[in-house]
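Take a look at the structure below.
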Amino acid sequence: MYTTERFEATVPVAEYVKNYVDVDTFLECCRACPNYEKVWSCPPYDFDVLEYWNKYTTLELVAVKIVFDEAYAGKVFPSQELQEIMDASLKTVKQELSGELFDREQKTPGSISLSAGSCLLCKGSCGRKENEPCRFPDQMRYSIESLGGNVGLTLSKLMGIELEWMEEGKLPHYFVLVCGLLR
């Protein structure tokens, strides 16, 4: 169904924040998302996002390009089948990446990983919706975009990848998941 390609880049956090982080712009994008104010890994936050970035000196970026086989790429699928394809690819690769980054955290004291997209630990029933604290604070991680990072610009400038957007019912030729390790 798909193959994967891996890309990595390391950048000083100060340089990344200067060239790729725009908290105000991406906070506005986040407001349009159904997870805004409903998932602990998503804005708004009770901390200063720039201070969060600046606690670290280095960002190790990891991107995985999920390239669909010819039988799938660019094809239109019924919504149920499209969701199954996305679950089988995106969720699988995201879980693998998360596991890898948690391992790297353990081996790098003082580091923290950044998730590829929103938190999925509570499978849609995050405690934030009921004003409850995070159920998995030791595992929940923020994404680059939720902290104001421009993932599209990050990919194009640091990894030579242009994002391909999904059109209604049509599977793109590839997806790209981007995560990282702040140290």
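So here's what we get for this one:
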| item | result |
| --- | --- |
| Candidate set: the range 145-164, residues that are free of Cβ contacts under 8 Å to residues at least 60 places away in the same chain and under 15 Å from the mean Cα position of the chain (by Cα); chosen: the one surrounded by the most Cβ atoms within 10 Å (Cβ to Cβ) | V151 |
| Evaluation of M140 against (1) under 23 Å from L155 (Cα atoms); (2) in contact with a strand residue (DSSP E or B) (Cβ under 9 Å, 6 or more places away or on another chain) (one fails), failing number | (1) |
| Every residue from the range 168-183 that is assigned to a strand (DSSP E or B) and either among the aliphatic types (A, V, I, L, M) or surrounded by 18 or more Cβ atoms within 10 Å (Cβ to Cβ) (or both) | Y174, F175, V176, L177, V178, C179, G180, L181, L182 |
| Residues within the range 31-52 that are part of a helix (DSSP H, G or I) and touching a Gly at 6+ places or on another chain (Cβ under 9 Å), tallied | 2 |
| Selection from the range 1-30 of residues that are of a type in the set (S, T, Y), part of a helix (DSSP H, G or I) and touching a Lys or Arg at 6+ places or on another chain (Cβ under 9 Å) | Y20 |
| Residue list for the range 75-132, restricted to those being closer than 23 Å to W165 by Cβ, open to solvent by 60 Å² or more (accessible area, probe 1.4 Å) and either part of a loop (DSSP other than H, G, I, E, B) or not acidic (D, E) (or both) | K75, V76, P78, S79, Q80, Q83, K91, L120 |
| Residues (over 15 Å from L114 (Cβ atoms) and of a type in the set (D, E, K, R)) located in the range 128-164 | R128, K129, E130, E132, R135, D138, K157, E162, E164 |
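The values are calculated or read from the model by the stated rules, or taken from the named source; none is laboratory data. Predicted model, so just to flag it, every value in this text is computed and none were measured. Positions of Cβ are generated from backbone atoms using ideal geometry, with glycine treated the same way; all protein chains shown enter the neighbour counts. These area figures cover heavy atoms from the full protein model, side chains too; ligands, DNA and RNA do not enter into them. Shrake-Rupley method; radii C 1.70, N 1.55, O 1.52, S 1.80 Å.
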